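All remarks here apply to the structure that follows.
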Amino acid sequence: MKFFQKLSCVMLLLALVICFYYRDGLVSKPIGQTGEFAIKHEQAGYAVSLYYPKIDPTKAHQKNVRVGIIDSGISPKVGSELNIAAAYDLSGQNEPFDQTGQGTRIASIIGAKDNHHKMIGLAPNVKLYSYKVDATSRTLQAALQQALSDRVEVLDLGFKVEQITPQIKGLIKEYLAQGGLFFTADKRLGQIKGVATVGAFNEYLELLDSGRTYYAPAKQLALGRDGRIQTVTGNAYSTAFVSGTAASLLAQKLAPAQVKQQLATYFSPQVIEKHRNISHVIAKTFSKSDTYLGISLVILTLITAGLALMLAIRRRKNKYLLGVSINTLLLLILAYLLVPIQANAQTMKYWILGLLVLFTLFQLYFSWRLDMTKPFSLNRLFNLSYNIFLLVFSLWLIMFVMLGYAGSTHF
C-alpha cells in the first residue's frame, strides 16, 4: 500500500515538472480537439499562432513591397481587405476576378490588411499584383513578362505548370537577375538556380514530400471568394505563407540575401526535422486516443469523488478521507479544464498549474497521514484505488500536455 502511495506522489510530481517544461502544450490546439481556434485579428491563422510567434505581421513596415501572385485572380468580395495595385486577366476569359478561390486565398494569406476587420496577412501593407492565368505555358509566359514590367519584388506561383518551356525558364532567370524572389509549389521549377520550391509539413512535423527548398505548415487560414475565413491545406498555401514572410522581411528593409538567410532559419527541411522530437511521435501514435482517455478519466473521477464523500460523511473524524474528497474535486476541476479541449487563454495554464500544485500538496499530506493499522477494509480499498487512479492520471496528463506541445513547436 505504501509503495502505491509513494509512487503516485512521485508520478504526480513528475507530471507537474513535465507540465512546466511543456507548458506551451497547455494553450495550444491539441491533437484530436473538436473545436477550432478563436480567430483573433492579431493572428494570421494556425501557422503563426502555433509555429511562428516570432513572425509579427503588425510590425511597422518601412518600405512598400510589390508582390505578384500568378494564379486564378482575386474575388471582388475581398477587395476591401487587400491592397490591390493591379489585376490582369491573362487567361483569355476577359474576367480578371477569381472563379475558383485559390488566388483569393493565397492573396489573403500574403497581404490581408491590418484593418481590424477580418484576418491579417503576413505582410498587410504590401501592394498586390494579380496575374490571372490557366495552367498553360502561354499564359504563364505572359504573366512573367508582366511581372517583369511591374518590377514586383516577390513572385508567388502556387500551381503546377503544364509545360516548362525554354521561354519560361528564360523569363524566370531574367526575373531573378532583376533581384526578385520567386516562390513556387511546382517542384520541377527548382531546377532553375535561385527558384525556391515550397512544400508542407503536418502537425507531427513530418515533411509531406522531399526535395523542396522550404517547408511551411500545411494548414492555413485564408479568406474565401465570399470573404469568409476558411481553413485550407496544400502546397499552394504553404507557398503563400513563405512568400508572405519574405515580403514582410523585405518591408522591414532587409536585403534579399538577408531575407533568404532568415527564411532558412524558419522553413528549411533541416530546421523542421531538428525540431521533431519524441512528443511528435507520441502525438502520432495516440492521435485518436487522448480524448477518449480523458473522458474515461472524468467518469472515473466522478465515481471516486462519490466514494470519497460517502466515506467522509460516514466517518466524520477521518480527515484523510475529507482531504481526499477535496483532492478529487480539484482533480475534477482539472479534468473539466483539460478535457475534451485544452484551455486557449494564455492565463489559463497558470490556473491549471496552480491547481496541480495544490492537488499535489494535499495528496502528499494526507496520503502519509493515513493510519493503515485500523481494520477498515473499505478505507484500504479506497486508498489503493485512489493512488492507482493518481498514477493513471499522471501518465495521462503527461501524454496530454506533450500532445499539445507537439502542436505548438516554435521555430
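Listed by Cβ neighbour count within 10 Å, with the fewest neighbours leading, TYR131, TYR52 appear as TYR52, TYR131. Counting neighbouring Cβ atoms within 10 Å and putting the fewest first, the residues ARG66, ARG228 line up as ARG228, ARG66. Taking amide H as placed 1.01 Å from N in the peptide plane, the amide H of LEU181 sits under 5 Å from that of VAL154, LEU155, each at least 5 places away or on another chain.
Once both labels are positioned 7 Å from their Cα atoms along Cα-to-Cβ, the gap between GLN258 and GLN191 label points is 3.6 nm.
A 19 angstrom limit on the alpha carbon distance is what I want to check against. Which of LYS63/LYS113; LYS63/LYS187; LYS77/LYS160; LYS187/LYS253; LYS193/LYS260 exceed it? From the list (LYS63/LYS113; LYS63/LYS187; LYS77/LYS160; LYS187/LYS253; LYS193/LYS260), the Cα-Cα distance tops 19 Å for LYS63/LYS187; LYS77/LYS160; LYS187/LYS253. If you plug the beta carbon distance of THR58 and VAL392 into 1/(1 + (r/R0)^6) with R0 = 51 Å, you get a FRET efficiency near 0.70. With a ≥ b ≥ c taken as the square roots of the eigenvalues of the C-alpha gyration tensor of segment 46-275, please select rounded if a/c is under 1.5 and otherwise prolate if a/b is larger than b/c or oblate if it is not? Rounded is the answer for segment 46-275, as its axis ratio a/c remains below 1.5.
As a rough footprinting exposure proxy, the listed residues ILE74, ILE168, ILE278 were ranked by other beta carbons within 10 Å of their own, and the order from fewest upward is ILE278, ILE168, ILE74. Under 15 Å from a point 7 Å along the Cα-to-Cβ line of GLU206: which residues of segment 223-249 have their amide N that close? What the label zone holds, given the 15 Å backbone N cut-off, is no residue at all.
Each value in this text was obtained by applying a stated rule to the coordinates, not by laboratory testing. None of the values given here were measured: they were computed from a predicted structure. Every residue, glycine among them, receives a Cβ derived from its backbone with ideal geometry; neighbour counts consider all protein chains shown.
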